[in-house]
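Data first, discussion second: the structure below is written as structure tokens.
The values are calculated or read from the model by the stated rules, or taken from the named source; none is laboratory data. Note that the structure is a prediction, hence the values are computed from the model and not measured. Every residue, glycine as well, gets a Cβ built from its backbone with ideal geometry; the counts of neighbours run over all protein chains shown. We work out accessible area using only protein heavy atoms, side chains counted, and drop any ligands, DNA or RNA first. Shrake-Rupley method; radii C 1.70, N 1.55, O 1.52, S 1.80 Å.
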Amino acid sequence: MKKKSAYILTALLAGSLVACQQEPVFQIEGEVSGAADKTLYLEQSGLEGIVSLDSVKLDEDGSFRFTGARPASPEFYRLRVDDKVINFSVDSTEVLKLHAGYDNFPTGYRIEGSENNVKIQELVLLQAELQDKVNQLGRSGLPVGVIRDSLTHLVDAYKDNVSRQYIFAAPNRTYAYFALFQQLNGMMIFDPLSDKNDVKCFAAVATSLNNLYPHADRSRNLYNMVIKGMKNTRTPRQENVLEIPEDKITEASIIDIALPDIQGNIRRLTDLKGKVVVIDFTVYNNTASGARNLSLRELYNRYASQGLEVYQISLDADEHFWKTSADNLPWICVRDPQGVYSTYLSLYGVTGLPAMFLVNRSNELSLRVDEKTDLEQAIKNLL
């Protein structure tokens, strides 16, 4: 009886070992030329950040092989050498083959075994091309208004192409999800919180993910983003408009704005009488914001000593993001917690963001800035 029991126990243990060895895994292998003695890392790009999974020191031929447990739902990973990164996704027990060189590691690689990852590389190349164009535009020396218009055109054209070819064409694929979170100058190209058309892109992918993987963290996270974006971008209700007494408008010659800055201090627009003021309604979590603030900073640095001030009003839904983004800006930065439902947008007749106005030294509204305005000349005229 003991022998029989031992036999059964041995069989059960062997079966368990076989089961462990047969757990589904994915594999990525290949070579990285020109990277001898460098360390190649396999990392997971999770919702909470980057997690290191494995690493290998490359020899002369640069060959490598990594394996990992198959994720329960599509996940994103990356290979990294120094600060050079290749992003890829895994949604099955795939065997991926990658061929890359160290010098052009992030963009010049070739990946086999997955249509999703071929498309992800296409998106990486498109984004790199856009970033290059934006960098050239920033160095062009063109007038601020021309740069702003050109930047808007570049980003809008990129979003139109990517949304049609990669997002709406296959919202259930991992490359569609990847496209949503691409960045330009460190900011998301597609805005999930305040751009109605961009929210539709997020909604398409969220719906597909929720149908396929309803319990996945990425599905729930994307769904929550869409709900917040839909709330932010619906038409504001007219009854929320604050009535400003006529005598207050006449007395100040301007509709006053009183909002808290980063330190929580209330900053009033009417306190800036005696200065030429740029009123700037904006959203920091927007692809064009970085370049726009860069152009505005050039004007501020040039004319602040002559009496120019910037009163910049953020309509960002995320207060922490605003504080982080505005921390190093030299002008007055305030935020309206009502976001895109801000009463001041209605009072100033703002129907789209960003929007800019000029106020003269007498605290009188002087000009609504549009695409035809030579902002620098307009400021000089008031100074």
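Scanning the stretch 342-383 for residues that are part of a loop (DSSP other than H, G, I, E, B), under 27 Å from the mean Cα position of the chain (by Cα) and either surrounded by fewer than 17 Cβ atoms within 10 Å (Cβ to Cβ) or hydrophobic (A, V, I, L, M, F, W, C) (or both) yields a total of 6.
Among the candidates PHE76, PHE105, PHE88, single out the residue that is among the hydrophobic types (A, V, I, L, M, F, W, C), assigned to a loop (DSSP other than H, G, I, E, B) and either under 24 Å from GLN183 (Cβ atoms) or within 24 Å of the chain's Cα centre (by Cα) (or both).
After ruling out the rest, the residue left standing is PHE105.
In the stretch 353-375, the residues that are under 23 Å from ASP336 (Cα atoms) and in the same structural domain as VAL283 (by the TED database) reach residues that are part of a strand (DSSP E or B) and open to solvent by 70 Å² or more (accessible area, probe 1.4 Å) with C-beta atoms within less than 7 angstrom, at least six apart or across chains, in these pairs: PHE357/LEU365; PHE357/ARG368; VAL359/LEU365. Is at least one residue of the stretch 216-224 modelled with pLDDT of 85 or more and closer than 16 Å to LEU123 by Cα? Looking for residues that are modelled with pLDDT of 85 or more and closer than 16 Å to LEU123 by Cα, one finds none in the stretch 216-224, hence no.
For the stretch 303-326, enumerate the residues that are within 18 Å of the chain's Cα centre (by Cα) and among the acidic types (Asp, Glu).
Listed by number, the residues that qualify are ASP316, ASP318, GLU319.
The rows are residues; the columns are (1) among the aromatic types (Phe, Trp, Tyr); (2) at pLDDT 90 or above; (3) open to solvent by 30 Å² or more (accessible area, probe 1.4 Å); (4) outside the structural domain of THR343 (by the TED database).
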position	(1), (2), (3), (4)
ASN240	no, no, yes, yes
ASP247	no, no, yes, yes
LEU259	no, yes, no, no
ILE262	no, yes, yes, no
ASP271	no, yes, yes, no
ILE279	no, yes, no, no
LEU294	no, no, yes, no
ARG302	no, yes, yes, no
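If you go through the stretch 152-166 and keep only what is of a type outside the set (D, E, K, R), farther than 15 Å from GLU122 by Cβ and free of Cβ contacts under 8 Å to residues at least 24 places away in the same chain, you end up with HIS153, ALA157.
Filtered by the rule that a residue be in contact (Cβ under 8 Å) with a residue 24 or more places away in the chain and touching a Gly at 6+ places or on another chain (Cβ under 7 Å), the stretch 101-124 gives GLY101, TYR102, ASP103. Being buried (at least 16 other Cβ atoms within 10 Å of the Cβ) and not assigned by the TED database to the domain that holds LEU184 is a property that does not hold for ALA72. Restricted to the stretch 125-151, and to residues there that are free of Cβ contacts under 8 Å to residues at least 40 places away in the same chain, more than 16 Å from the chain's Cα centre (by Cα) and part of a helix (DSSP H, G or I), the residue that is farthest from MET188 (Cα to Cα) is VAL146.
Quick grid of which residues meet (1) assigned by the TED database to the domain that holds VAL340; (2) at pLDDT 85 or above; (3) over 18 Å from the mean Cα position of the chain (by Cα):
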site	(1), (2), (3)
PRO171	no, yes, yes
LEU180	no, yes, no
PHE190	no, yes, no
ALA206	no, yes, no
PRO214	no, no, yes
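Here the condition is being loosely packed, with under 13 Cβ neighbours inside 10 Å and at pLDDT 90 or above; of ASN87, ASN104, it holds for ASN104 alone.
Filtered by the rule that a residue be at pLDDT 95 or above, among the acidic types (Asp, Glu) and touching a Ser or Thr at 6+ places or on another chain (Cβ under 7 Å), the stretch 304-351 gives no residues.
Going through the stretch 331-341 one residue at a time, which ones are touching a Lys or Arg at 6+ places or on another chain (Cβ under 7 Å) and assigned to a loop (DSSP other than H, G, I, E, B)?
Result: no residue meets the conditions.
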